[in-house]
Amino acid sequence: MNNEDAQLLLKCHAFTHNRIEHWKMENGFLGSLRPFRGELREGNLHEVMAALRALSDELGRDQLNRELISSLWGLYHLARAWALEPEGMLRSNGLLSKAQIETMETWLNLISYAVMILLENGGEEEAFHGYREYVRSRVLPLKKELEALLPGKIQDEEILGLYDQYRDHGGAAPSRLDEFEKKFGILLPEDFRAFYEQKDGSGYAFHILYPGEDAEEAAPFYLMSLAEMEDVKRYFCERDELLEEYYSPEEIAKLDRELKPYLFHRQWYPFASMAGGSLYLMLDLDPSDEGTYGQIISYIHDPDFVYYTADSFTSLLRESNRNLAQLEEIEY
């Protein structure tokens, strides 16, 4: 996410962008509150925080961008006025549950603290410390649930050996994740970073991810290490190729609306694969207006096409655990 993309995102989430037709003007952080449709979209928080991280240097400058500060101030003030003040439109009309009020207060505290520290040049580590703890509190219980499920699903001796290797797998140091980001000039989603700090991949052929609407249709995937991701990136999604080079307008119309119309894209990062197959799960760091930064997409071979899978790595893991719980055993 570059500076220009980050500022556009923040303006949309703060409802200050001049492109009123932009999908996130209606469905972003502020837009989704008025009118309120009953759901607080956590993906909006993650996009705002990713944009802030991309703008860390910008916010630390002596001369600040007035439009940027106006967007941040407006997002915080209006969200608090509408959702947290007793006389605000959401609370006064009983549209928010107690849990939703607490969630919004947490989100606004995380945003405002990050902005305060960045404006003070207090450093990225301090600015996003609370947010990263929040993300860990969401994703690490799912990792614990996954690892509680795995032993009961292994009946094959060969897979048991792979499981033993998985248990010995360590995580990637934060500095290694930083190195990966700098190498490709990207910002990894925080939930992905949090998981990989605990486990740097699952080992070849040890399938731990089972995305899909139900267990019977779920395809198995193993997690690549960061080193494997770097290797795959040398020959897959190392270039941009549009769908129009391969497909008719009628076929392209079937593309999920959260994706931009590519078949291969530099801003897609494969992180999981099926052993012996040509299927990939990828981080999408350049979604369409209706997508979310860091969403999960899948590449399916023969016929080659891409599909929306989940709005985040956390959502992917939650869906996968649900499916894994319903499977009798893990197969190679």
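Read-outs throughout are calculated quantities, based only on the coordinates presented, and are distinct from any laboratory measurement. Everything numeric here is computed off the predicted structure, so don't read it as measured data. FYI the Cβ positions are ideal-geometry reconstructions off the backbone, even for glycines, and counts take in every protein chain you see.
Observations
- Amide H contacts of residue 171 (H built 1.01 Å from N, in plane; Pro and chain starts excluded): 200 sit under 5 Å, all sequence-distant by 5 or more or on other chains.
- Each residue of the stretch 289-294 was assigned a 3J(HN,Hα) from its phi angle through the Karplus expression (A = 6.51, B = -1.76, C = 1.60, θ = phi - 60°), giving 4, 8, x, 10, 4, x Hz with x at Gly and Pro.
- Whole-Å semi-axes of the stretch 233-332's equivalent ellipsoid (Cα gyration tensor): 24, 16, 14
- Euclidean distance between Cα centres, the stretch 307-325 to the stretch 57-104, Å: 29 Å
- Rg ratio (alpha-carbon, reference 2.2 N^0.38 Å) - the stretch 116-196: 1.45
- For residue 272, distant residues with modelled amide H under 5 Å away: 224, 281
- Two-decimal ratio, the chain, of alpha-carbon radius of gyration to 2.2 N^0.38 Å: 1.03
- Long pairs among 144/182; 98/199; 153/260, criterion Cα-Cα beyond 32 Å: 98/199; 153/260
- To the nearest ten degrees, helix 174-184 and the longest principal axis of the Cα atoms of the chain are 90 degrees apart.
- Summed side-chain charge close to residue 146 - residues other than residue 146 whose Cβ falls under 13 Å, Lys, Arg +1, Asp, Glu -1: +4
- For the stretch 142-326, the fraction of C-alpha pairs more than 26 angstrom apart is 29%.
- Helix 98-119 axis, angle to the chain major axis (alpha carbon atoms, nearest 10°): 80 degrees
- C-alpha long axis of helix 129-149 to longest principal axis of the chain, angle in °: 30 degrees
- Estimated FRET transfer efficiency when R0 is 51 angstrom, pair residue 3-residue 156 (beta carbons, to 0.05): 0.50
- With R₀ fixed at 56 Å, the C-beta to C-beta distance from residue 105 to residue 205 puts the FRET efficiency at about 0.80.
- Quarter of Cα convex hull surface for the stretch 3-127, i.e. mean projection, nm²: 7.4 nm²
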